[in-house]
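S.K.: So that we are looking at the same thing, I have put the structure below in structure tokens.
The values are calculated or read from the model by the stated rules, or taken from the named source; none is laboratory data. Just so it is clear, the structure is predicted and the values come from calculations on it, not from any experiment. Cβ placement follows ideal geometry from the backbone for every residue including glycine, while neighbour counts extend to all protein chains displayed.
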Amino acid sequence: MKHYLLLLIGSFAFVSASLAQNSQPKKVVADKIVAVVGDKVILKSDIDNSIIDMQRQNIEIPANARCSMLEQAMGIKALVLQAEKDSLPVTDEEVETIIDNRIRAFISQFGSKEELEKVAGKTIYQLKEDFREPIRDQELAKAMRNKVVENVRITPKEVNEFYNKIPKDSLFLYESEVEISQIVIFPKAHRDAEEYAIEQLKGIKAQVESGKSDFASLASIYTMDPGSKETGGQYDVNRYSKELDPVWLGKAFTLKPGQISNPFKTRFGYHIMQLVSRAGDDASVRHILIIPQVTSYEMKEGTIKLDSIRDLLVAGKIDFGAAVAKFSDDEQSKFTAGQITGRDGGTYVTIDQLDKDMVAMLKDLKVGQYSHPTEFVDERGKKGIRIVYLKTRTEPHRENLKDDYNRVAQRALEDKKNEVLEQWFNKKVVTYYILVDDEYKSCPEMAKWMPAAKN
């Protein structure tokens, strides 16, 4: 149970019953209760939808999927029961934020809010209501799990013992990886370039308002936002989103349907925005982004500034993290001491995860060295200059304690947490009211639950 449970709590993706059911061929099958933990009920449809979700994500379905899914669901309910008993805090605001993020992800997946509602057979409001209880349970389970294992620590001896138990032919094979940090400067465009961008946006606005063209067509031509160029500049947003620029988001809720804003500035550049529709805290908008062009003069000034920062670093007069905090304009790495993270959120990055200009910078750079300032263009088309610090570089290798101690230690720690969580369950299960449907009583996964189960 321990591995499945941690997977579920840590990264198992929730998909609503509505989406699961409505995207599958219809079958008239009566739902029923398959298990009860305390006062928490688990339905057959809950298990069915979990398996459908795995299929949608192309996750291999094991032979005992229904048994393991039920065990996961029962584990979640047990954690939720204890979390409620211990009054662990999960606020309505936290739940609402997660719901909004899920809805936006589904809208992106299906292409539009209308298509999502069509597939689900429900309105966005109804989908949010479907999400609410499962997401609350998920967050309570996470909170309880974290409480159970919060004091678990690992020693070097335990790391070694964990590593030595791994069969040598089962050790991970790693590609060449690097740990790198960066300081980025985005030179500011001259005021004349900013004025030109503003006048360009005013001209586009006038074209739309005169009826000579529509906003979506002009957005597809002029916007410098690659994320919306193919959709005519359109985004579906929520008033309480924490992922969007607050100035940009605020503008969406000051406009009337069809109204176009005057040009306004964000950290990305200059925009005009048109409100397509709004319903409560949700809105559909179109925007056009123009990034004022930076000249070679501004780029040269930025290079000189970064050169001076590099001199301080080489001389040991400033720490890299302090330099990042003081000088870097990169929002993503500014609060991680400039550290670039991989797809898994870790510090090790494979070469294929870096842009080609970064790869070129690293080619002749030795571990412990700082690159010279180098110009680049980011994914939004914004010109910048950066210096890179190469902390470590590994060659392709099989996992070992010398090169991969931190990763092995993390797995050893998670294994120890699993054991502690398992012990916690062994003590708690017998204290709960447990009911298991006859169909599942023979599942090996039910072994620890059955002594407490009511016949």
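S.K.: Pull up the stretch 246-298, narrow it to residues that are under 28 Å from the mean Cα position of the chain (by Cα) and basic (Lys, Arg), then point me to the one that is surrounded by the fewest Cβ atoms within 10 Å (Cβ to Cβ).
M.R.: Result: Arg267.
S.K.: Could you count how many residues in the stretch 368-382 are at pLDDT 85 or above and over 23 Å from Asp311 (Cβ atoms)? Quick ask: steps written out before the conclusion?
M.R.: Filtering the stretch 368-382 down to residues at pLDDT 85 or above leaves 368-377.
Filter again for over 23 Å from Asp311 (Cβ atoms), leaving 377.
Qualifying residue count, the stretch 368-382: 1.
S.K.: Residue by residue through the stretch 185-227, note down the ones that are free of Cβ contacts under 8 Å to residues at least 60 places away in the same chain and either farther than 17 Å from His271 by Cα or touching a Leu at 6+ places or on another chain (Cβ under 8 Å) (or both).
M.R.: To start, the set of residues in the stretch 185-227 that are free of Cβ contacts under 8 Å to residues at least 60 places away in the same chain comprises 191-192, 195, 199, 203, 206-207, 209-214, 217, 220-221, 227.
Those that are free of Cβ contacts under 8 Å to residues at least 60 places away in the same chain and either farther than 17 Å from His271 by Cα or touching a Leu at 6+ places or on another chain (Cβ under 8 Å) (or both): Gln207, Ser210, Gly211, Lys212, Ser213.
S.K.: Okay, moving on. Does Gln410 satisfy the criteria of being under 27 Å from the mean Cα position of the chain (by Cα) and either touching a residue at least 24 places away in the same chain (Cβ under 8 Å) or part of a helix (DSSP H, G or I) (or both)?
M.R.: On the way: under 27 Å from the mean Cα position of the chain (by Cα): yes; either touching a residue at least 24 places away in the same chain (Cβ under 8 Å) or part of a helix (DSSP H, G or I) (or both): yes.
Against the criterion (under 27 Å from the mean Cα position of the chain (by Cα) and either touching a residue at least 24 places away in the same chain (Cβ under 8 Å) or part of a helix (DSSP H, G or I) (or both)), Gln410 qualifies.
S.K.: Taking the options Pro134, Pro187, name whichever one is outside any helix (DSSP H, G or I) and either of a type outside the set (Ser, Thr, Tyr) or assigned by TED's automatic domain parsing to the domain that holds Gly321 (or both). Before you say what the answer is, go through the steps one by one.
M.R.: Working: Pro134 fails: outside any helix (DSSP H, G or I).
From the options Pro134, Pro187, the qualifying one is Pro187.
S.K.: Let me ask you something else. Only one residue in Ser241, Ser220, Ser181 is polar (S, T, N, Q), assigned to a helix (DSSP H, G or I) and surrounded by 15 or more Cβ atoms within 10 Å (Cβ to Cβ), so which one is that? So that I can check it myself, show each step before the final result.
M.R.: On the way: Ser241 fails: assigned to a helix (DSSP H, G or I); Ser181 fails: assigned to a helix (DSSP H, G or I).
One residue alone meets the criteria, Ser220.
S.K.: Now a separate question. So which residues in the stretch 281-328 are out of contact with any Lys or Arg (no Cβ under 9 Å at 6 or more places or on another chain), touching a residue at least 24 places away in the same chain (Cβ under 8 Å) and in a loop (DSSP other than H, G, I, E, B)?
M.R.: Across the stretch 281-328, the qualifying residue is only Thr295.
S.K.: If only one of Asn160, Asn164, Asn151, Asn146 is assigned by TED's automatic domain parsing to the domain that holds Ile99 and either in a strand (DSSP E or B) or more than 30 Å from Asp46 (Cα to Cα) (or both), which one is it?
M.R.: On the way: Asn160 fails: assigned by TED's automatic domain parsing to the domain that holds Ile99; Asn164 fails: assigned by TED's automatic domain parsing to the domain that holds Ile99; Asn146 fails: either in a strand (DSSP E or B) or more than 30 Å from Asp46 (Cα to Cα) (or both).
From the options Asn160, Asn164, Asn151, Asn146, the qualifying one is Asn151.
S.K.: State which residue pairs qualify: first residue in contact (Cβ under 8 Å) with a residue 40 or more places away in the chain and inside the stretch 100-115, second residue among the hydroxyl-bearing types (Ser, Thr, Tyr) and exposed (fewer than 13 other Cβ atoms within 10 Å of the Cβ) in any location, beta carbons under 8 Å apart, and separation of 6 or more residues or different chains.
M.R.: Asp100/Tyr240
S.K.: Right, here's the next one. Assess whether Gly302 counts as being surrounded by 19 or more Cβ atoms within 10 Å (Cβ to Cβ), out of contact with any His (no Cβ under 7 Å at 6 or more places or on another chain) and either at pLDDT 90 or above or under 18 Å from Ser228 (Cβ atoms) (or both).
M.R.: Working: surrounded by 19 or more Cβ atoms within 10 Å (Cβ to Cβ): yes; out of contact with any His (no Cβ under 7 Å at 6 or more places or on another chain): yes; either at pLDDT 90 or above or under 18 Å from Ser228 (Cβ atoms) (or both): yes.
Here the answer is yes, as Gly302 does meet what is asked.
The rows are residues; the columns are (1) farther than 30 Å from Met273 by Cβ; (2) touching a strand residue (DSSP E or B) at 6+ places or on another chain (Cβ under 9 Å); (3) in the same structural domain as Thr223 (by TED's automatic domain parsing); (4) aromatic (Phe, Trp, Tyr).
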residue: Lys300; (1), (2), (3), (4): yes, no, no, no
residue: Asp311; (1), (2), (3), (4): yes, no, no, no
residue: Ala323; (1), (2), (3), (4): yes, yes, no, no
residue: Asp329; (1), (2), (3), (4): no, yes, no, no
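Quick grid of which residues meet (1) part of a loop (DSSP other than H, G, I, E, B); (2) within 21 Å of Lys305 (Cβ to Cβ); (3) in contact with a strand residue (DSSP E or B) (Cβ under 8 Å, 6 or more places away or on another chain):
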| residue | (1), (2), (3) |
| --- | --- |
| Gly342 | yes, no, yes |
| Gly346 | yes, no, no |
| Met361 | no, yes, yes |
| Lys366 | yes, no, yes |
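S.K.: When the stretch 397-443 is examined, which residues are found to be loosely packed, with under 13 Cβ neighbours inside 10 Å, more than 30 Å from Val159 (Cα to Cα) and modelled with pLDDT of 90 or more?
M.R.: If the condition is that a residue be loosely packed, with under 13 Cβ neighbours inside 10 Å, more than 30 Å from Val159 (Cα to Cα) and modelled with pLDDT of 90 or more, then Asp438, Lys441, Ser442 are the ones that fit.
S.K.: Right, next: Return yes or no: is Ser277 free of Cβ contacts under 8 Å to residues at least 40 places away in the same chain and in contact with a Pro (Cβ under 8 Å, 6 or more places away or on another chain)?
M.R.: Values: free of Cβ contacts under 8 Å to residues at least 40 places away in the same chain: yes; in contact with a Pro (Cβ under 8 Å, 6 or more places away or on another chain): yes.
Taking the combined requirement at face value, the residue satisfies it.
S.K.: State the number of residues belonging to the stretch 25-83 that are surrounded by fewer than 15 Cβ atoms within 10 Å (Cβ to Cβ) and at pLDDT 90 or above.
M.R.: Residues that pass the stated criteria total 4.
S.K.: Which helices (runs of 4 or more DSSP H) does the stretch 44-125 wholly contain that include 2 or more residues that are touching a Lys or Arg at 6+ places or on another chain (Cβ under 7 Å) and farther than 30 Å from Cys443 by Cα? Steps first, please.
M.R.: Values: elements: 44-56, 65-85, 92-110, 113-120.
Helices (runs of 4 or more DSSP H) meeting the threshold: 92-110.
S.K.: Now for a separate question. Restricted to the stretch 109-136, and to residues that are in contact with a strand residue (DSSP E or B) (Cβ under 9 Å, 6 or more places away or on another chain) and within 27 Å of Ile42 (Cβ to Cβ), which residue is surrounded by the most Cβ atoms within 10 Å (Cβ to Cβ)?
M.R.: At the first step, the residues of the stretch 109-136 found to be in contact with a strand residue (DSSP E or B) (Cβ under 9 Å, 6 or more places away or on another chain) are 112-113, 124-125.
Checking which are within 27 Å of Ile42 (Cβ to Cβ) leaves us with 124-125.
Working: Ile124: 20, Tyr125: 12.
The selected residue is Ile124.
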